[in-house]
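To keep things clear, I will list the structure first and then write my remarks on it.
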Amino acid sequence: MNYKRIYVFVSAALLMTLSATPAVAGNSLLDSLQLKARVGYNIGGTAPIGLPATIRSIDAYRLTPSFMIGIDAQLPFDAKWGLLTGLHFENKGMDGDVTTKGYHMEVVKGESRLNGLFTGKVQQKVKEWMLTLPIQGTYKLSNKVQLKAGPYLSMLVSKEFSGIASDGYLREGDPTGPKIIMGDKEGEWATYEFDDDMRTFQFGVAAGVDWQLSCRFGVSADLNWGLTGIFPGDFKTVEQTLYPIYGTIGVFWRIR
C-alpha cells in the first residue's frame, strides 16, 4: 500500500473541502455550513456496458461486504442551491458467476500460464477499497428532500480482481488452437488474478437524493457510474472495458 499517495490524496481532498469556505467568508452563508456523517451499503457490479456475445448468461450474484463511511461538507448558495463535497472510505465489491463462450482470458493451470478463448463457467471476484472525493451540486425540493449530482474521484488503497475458470475448455491462442480442458474441481480448474493491473484512480459521476427524517437523521440513495474502466486502456487481457456501476443505500447524521 502506497501510504505517501494516500496522504497526498487525503490532504488534497481536505483542502478542496475547506477551500470553498473563503468564497463565502464575507457573508452569512458561512454560518449555514452543514456537516453530515454518512454510512451506506454499495450494491452493484463491475461490468461492460451491454452484455457481450461472449458472455452467454449471468448465473449467480452474491452480496459482498461493500460498506461506505464518510463525512460531507455542504455550503448553501441560497434557499435552494448549494455545493457538497467530502471524503468517503468505501468498498465496491462483486462476486458472481457467468457462462462464457469464446471469451478471451489469461489463466494459470498448474504451472502453466495460458492465453486464449475460454468456453465454460467463470467465477469472478472484485474488491476495490478506495477513498472517494465527491463534488456535487445540490438542489432542495423541500425542507426534507434534497437532490444532488456531480463528478467524483476515487483512489484505490486495496484492489483485487481474481477468479476461477472451470467446467469447460480453453482454445490456446485462437479459436483453432490446442484445446485445454478445465474441470470442476480444484486442481482441474484454472485461476486468474489481475490485481496489479488495475487502475489506482477512478473517475465517474454520481446522482442521488437525501431525505431528512428529523432535524438530525436522514436516509439517502445514490447511483455511482464509473466513466473510467477498472483497467487502463492498454490492458487487453480482458476483452471488454469493465466499469464500476453501483447504487448506495445509506443513512446520515447531521453534525452541524
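The values are calculated or read from the model by the stated rules, or taken from the named source; none is laboratory data. Nothing here was measured: the structure is a model prediction, and the numbers come from that model. Glycine also receives a Cβ, built like all others from the backbone with ideal geometry; neighbour counts cover every protein chain displayed. Side chains are part of the model used for accessible areas, which takes the heavy atoms of the whole protein and leaves out ligands, DNA and RNA. Shrake-Rupley method; radii C 1.70, N 1.55, O 1.52, S 1.80 Å.
Computed values, structure above
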| item | result |
| --- | --- |
| Some residue of the stretch 234-244 being among the hydroxyl-bearing types (Ser, Thr, Tyr), open to solvent by less than 40 Å² (accessible area, probe 1.4 Å) and in contact with a Leu (Cβ under 9 Å, 6 or more places away or on another chain) | no |
| Count of residues meeting criterion [without any contact (Cβ under 8 Å) to a residue 60 or more places away in the chain and exposed (fewer than 15 other Cβ atoms within 10 Å of the Cβ)] in the stretch 72-88 | 3 |
| Enumeration of residues in the stretch 213-233 that are out of contact with any Leu (no Cβ under 6 Å at 6 or more places or on another chain) and in a loop (DSSP other than H, G, I, E, B) | 213, 214, 215, 216, 227, 228, 231, 232, 233 |
| The one condition in (1) more than 18 Å from residue 250 (Cα to Cα); (2) open to solvent by less than 60 Å² (accessible area, probe 1.4 Å) that residue 49 fails to fulfil | (2) |
| Matching residues in the stretch 184-204 - criterion: being exposed (fewer than 14 other Cβ atoms within 10 Å of the Cβ) and over 16 Å from the mean Cα position of the chain (by Cα) | 184, 185, 186, 187, 188, 196 |
| Close pairs from the stretch 209-228: first open to solvent by less than 50 Å² (accessible area, probe 1.4 Å), partner in a loop (DSSP other than H, G, I, E, B) and not small (Gly, Ala, Ser), Cβ under 7 Å, at least 6 apart | 212/144; 219/213; 228/199 |
